[in-house]
Amino acid sequence: MMPIIREVEVSKDFFRISLNLLLLTILAGAGLTAQLIPIRTVPVASGDQFLTVPSETLGMGGVMIALDDSLADGWVNPAKGIFIGESSFLGAPTFYGISDHGGGGKTFPMLGLFQGDVWFGGAALAVQQIDNSDERWGPFIEPGFIWDSQPQRLSDVSSRNLYARGFVGRKVDSGPWSIGLGFSTAQLNAVDGVDLLYAGSDRIDQSGTASDIRLGLYRTGERDRISLVGVYNRISMTHDVTWTDFIWRDDRCSDRFSCEPPVARRRIEVNEDKTRTIGGHLNWDRDLSAPGWRIGATATVNQKSHPKIPNYQIQNIPRDPGTTWAYEAGFGIARTRGATTFGVDMVLQPIWSETWQEADQPVTTGSGTVIKPGGRTIENDFFFTNVILRTGLSHQLGDLELQAGLEMRSYDYELEQVNHIEGLFRDLEESWMEWSPTLGAVLHFSDVDLRYMGRFTTGTGRPGIAWEWEEDMVRAGAFNDFIIAPDGPLTLQDALVHTHQLSVRIPIR
């Protein structure tokens, strides 16, 4: 009978599995894409890299279920471009930073929105600079030799990303229905946080694309409105990771102090990351009989396949495919009375995710059976019950509009892991909360609108590993060659993420 071992504390094996989905989480949070449900198994401070378009309600905590947003709705559902008030050009410089020298980014998007009698649409192009974290692995010093890191290349300091997106739609026979088609693509040379997943490497060269196609329908009635969206999302990234191997010249020496200094050799490891997501989203809202009140509800489903997940050194589990079914149900209420607007969103996200490790060669288990190549050696079942709460308030004072809001995200999940090699069962639980207060201000002039949004996120951090250099880890008799990579318990340092966006809207009249 298989022995049963239950644990509720966070361990190194737990993080090895949970970090499989870290990069997917970073890419899934691609700014104002409510149809994509992100997966988070560790509170990583990845910043607002994918915030590339402005929003009218972002300063109100991002409240969206029961409120219209003429700036952002068309990017979420192309058919909701009918809310574009008038054709205009926009610029929205965005800056974010992570405390304790954790890196940051600068994005400069240019947008155009068009509204005609029947047709409507939008286009956006953004250039982005990602500043890498200053927390680099320093020189490795051991008795007998010194390895000094080379001067940083320009690409090690910062990288450039390009984003393009657009949508087009039209009213159907001047009736209550509208239809729209949208697309987005990104040429990525850096994704914030990836460098921390290859602990001990010399450098990581990233390249790849992220693309998104969506078809939307929208129906407006006298009191009720319905929004439908279908989305297909692809992520394809390649990580060229440079490592340094130290090879001892004499493997017969008794300890490292009596050996000749090791020879350093560089090698490049290529890792692929691929994710495919198919999703559907339904939104309904209704004006109540009480003046100014509106309620809304949403339902979302995502099916994610993960055919390629990199062999992150920080987790050290190669070739981990997986599948995910993610669901979201939300309810919102809003009220507009005079110059004041108030809104609340409540969202529940149940998510089931399965990942596994495949054997690349025959493996003999503790019970004596053999797992053939391609067979599963470890199976992991995640179950998430995440909760999101948003609330926000805006008030108009003449030509000045002030906004304030708060978003709270509560993550809670359980991992059941079966290790077929060792014959063990592991039951782990983890939860944390992230808080994001927001502030906003809008100045309305006759020919231009100036908008500012500030957001501050706490409860996240940067992953790392506690170095535990034991005698056996560097003993020449134990290793003929070894990679300078940490092999200790993972740690998490608290970090504050601050984001600032200043947008300028010029109407075409």
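Gly166 falls short on exactly one of the conditions (1) among the small types (Gly, Ala, Ser); (2) in contact with a strand residue (DSSP E or B) (Cβ under 7 Å, 6 or more places away or on another chain); (3) at pLDDT below 90; (4) within 24 Å of Gly74 (Cα to Cα), and that condition is (3). Whenever a residue of region 117-143 is over 30 Å from Tyr218 (Cα atoms) and at pLDDT 50 or above, its partners that are surrounded by 15 or more Cβ atoms within 10 Å (Cβ to Cβ) and among the aromatic types (Phe, Trp, Tyr), lying with C-beta atoms within less than 6 angstrom and at least six residues away or across chains, give the pairs Val127/Phe108.
Only one of the numbered conditions (1) at pLDDT below 80; (2) of a type outside the set (Lys, Arg); (3) more than 25 Å from Phe246 (Cβ to Cβ) is not met by Gln396, and that is (1). Filtered by the rule that a residue be under 18 Å from Asp345 (Cβ atoms) and surrounded by 17 or more Cβ atoms within 10 Å (Cβ to Cβ), region 366-405 gives Asn386, Ile388, Arg390, Thr391, Gly392, Leu393, Ser394, Gln403, Ala404, Gly405. In region 422-437, the residue that is surrounded by the fewest Cβ atoms within 10 Å (Cβ to Cβ) out of those that are in contact with a Gly (Cβ under 9 Å, 6 or more places away or on another chain) and among the small types (Gly, Ala, Ser) is Gly423. Considering each residue of region 53-88, count those that are buried (at least 22 other Cβ atoms within 10 Å of the Cβ) and assigned to a helix (DSSP H, G or I), and give that number. Counting residues in region 53-88 that are buried (at least 22 other Cβ atoms within 10 Å of the Cβ) and assigned to a helix (DSSP H, G or I) gives 11. Of all positions in region 64-72, none carries a residue that is within 20 Å of the chain's Cα centre (by Cα) and either polar (S, T, N, Q) or under 15 Å from Ile130 (Cβ atoms) (or both). Comparison of Ser410, Ser446, Ser431 shows that the only residue that is of a type outside the set (Phe, Trp, Tyr), at pLDDT below 90 and assigned to a strand (DSSP E or B) is Ser431.
The values are calculated or read from the model by the stated rules, or taken from the named source; none is laboratory data. Computed from a predicted model, the values in this text were never measured in an experiment. Neighbour counts are summed over all protein chains in view; Cβ atoms, including those assigned to glycine, are modelled from backbone coordinates with ideal geometry.
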